[in-house]
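**Student:** For reference, the structure I am asking about is given below.
The values are calculated or read from the model by the stated rules, or taken from the named source; none is laboratory data. Quick caveat, the model's predicted, so the values are computed rather than measured. Cβ: placed from backbone, ideal geometry, glycine included. Neighbour counts: every protein chain shown. Protein only, heavy atoms only, side chains kept; ligands, DNA and RNA dropped before computing areas. Shrake-Rupley method; radii C 1.70, N 1.55, O 1.52, S 1.80 Å.
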Amino acid sequence: MGQDQTKQQIEKGLHLYQSNQTEKALRVWMRVLEKSADPAGRFRVLGCLITAHAEMGRYKDMLKFAVVQIDTARELEDPDYLTESYLNLARSNEKLCEFQKAISYCKTCLNMQGTTVSLQLNGQVSLSMGNAFLGLSIFQKALECFEKALRYAHNNDDKMLECRVCCSLGNFYTQIKDYEKALFFPCKAAELVNDYGKGWSLKYRAMSQYHMAVAYRKLGRLADAMDCCEESMKIALQHGDRPLQALCLLCFADIHRSRRDVQLGLLKLHCLCERIYRTKEQQRELRDHVVKFHECVEEMELYCGMCGESIGEKNNQLQALPCSHFFHLKCLQTNGTRGCPNCRRLSVKPGYV
């Protein structure tokens, strides 16, 4: 595969990826990686694969491609390529919680001054280093790095970098329990997504919504927290981002625990896990959560005592009788009885849900 054909195939993969046809895009890029004889083209397609696997939460694969990329950069003997590949190594290790390695690779990037790319990437390097310091709970150095990254974003009018820094600052202020600032920064990130993010990955919207959900929960605004967390989970499921799915599940559990509706929290947890395992076609885990879901439904009596269907799975109107039992309105209407089918008490002046 020659240089021009390599470029065309990389662009084809990018078009597929931006259209949310992720698996097709990955197949195109892997073919380029196997067949291309152009080192610069191979370096670029490795960058695409690193970014895609990062956004899907496949961090071990991200690291694998980052290692191949740095070997390609050394083959090219270009300091710009080396700087970019060291940044990808830092980001991969940061995601895998190898924080000391991430900091070391970031310092290597910052020491490679004078190249065009190193000057453009310094903001991203500072962000990755800040995330690593935060992972180590070294809060002062983390904040210094985030502020430096934010200055780079403002000076270069880099809205995407600014969005990422704002999400990290939200996480930072959550950890030091300044919840007003923990909400302010992801809200700013969400504004940037709405104003400038038309061509961005949906991952940026998911990130901002998740960090808003965490801050809202800490502030006791549980309805807002639930809305944001549901939006983030929807995108995480769409992208197959399992780490973000796990974070959203934890946030859902915390929201329900704050509401003291533990049973509903378990019900939601099993329902979401069922969707995840169904998507991944992991039959044993899927079966376990389906069973647990129905056990919760039985225990909470979340089913219509007439037709037996679960309440809430479909948008059907419900009727609450004075005895506190719920039924589908259409079931009661077709039943023709004035008594409760569950306890046989007479129902007068039923309420509607």
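**Student:** The conditions are (1) at pLDDT 95 or above; (2) open to solvent by 40 Å² or more (accessible area, probe 1.4 Å), and Leu96 fails exactly one of them. Which is it?
**Tutor:** Unmet for Leu96, out of (1) at pLDDT 95 or above; (2) open to solvent by 40 Å² or more (accessible area, probe 1.4 Å): (1).
Yes or no, residue by residue, for (1) touching a residue at least 12 places away in the same chain (Cβ under 8 Å); (2) in contact with a helix residue (DSSP H, G or I) (Cβ under 6 Å, 6 or more places away or on another chain); (3) within 26 Å of Tyr204 (Cβ to Cβ); (4) surrounded by fewer than 19 Cβ atoms within 10 Å (Cβ to Cβ):
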site	(1), (2), (3), (4)
Thr6	yes, yes, no, no
Leu14	yes, no, yes, yes
Gln21	no, no, yes, yes
Ala25	yes, yes, yes, no
Arg31	yes, no, no, yes
Val45	yes, yes, yes, no
Ala54	yes, yes, yes, no
Met62	yes, yes, yes, no
Gln69	yes, yes, yes, no
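**Student:** Given the criteria part of a helix (DSSP H, G or I), among the basic types (Lys, Arg), open to solvent by 30 Å² or more (accessible area, probe 1.4 Å) and modelled with pLDDT of 85 or more, does Arg257 qualify?
**Tutor:** Here the answer is no, as Arg257 does not meet what is asked.
**Student:** On to the next question. Has the stretch 59-68 got at least one residue that is of a type in the set (Asp, Glu) and in a helix (DSSP H, G or I)?
**Tutor:** Yes, the stretch 59-68 contains at least one residue that is of a type in the set (Asp, Glu) and in a helix (DSSP H, G or I).
**Student:** Which one is modelled with the lowest pLDDT among residues in the stretch 267-285 that are more than 21 Å from the chain's Cα centre (by Cα) and open to solvent by less than 90 Å² (accessible area, probe 1.4 Å)?
**Tutor:** Filtering the stretch 267-285 for residues that are more than 21 Å from the chain's Cα centre (by Cα) and open to solvent by less than 90 Å² (accessible area, probe 1.4 Å), the one modelled with the lowest pLDDT comes out as Leu267.
**Student:** Report the residue count in the stretch 216-234 for those that are among the small types (Gly, Ala, Ser), more than 9 Å from the chain's Cα centre (by Cα) and open to solvent by less than 40 Å² (accessible area, probe 1.4 Å).
**Tutor:** Of the residues in that region, 1 qualify.
**Student:** Sticking with this one: Looking at the stretch 32-43, is at least one residue in contact with a Gly (Cβ under 8 Å, 6 or more places away or on another chain), within 30 Å of Ile138 (Cα to Cα) and part of a loop (DSSP other than H, G, I, E, B)?
**Tutor:** no
This table checks each residue for (1) under 21 Å from Met160 (Cα atoms); (2) surrounded by fewer than 21 Cβ atoms within 10 Å (Cβ to Cβ).
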residue: Tyr210; (1), (2): yes, no
residue: Val214; (1), (2): no, no
residue: Gly240; (1), (2): no, yes
residue: Leu244; (1), (2): yes, no
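**Student:** Charged (D, E, K, R) and under 26 Å from Gly240 (Cβ atoms): which single residue out of Asp61, Asp78 fits that description?
**Tutor:** Asp61
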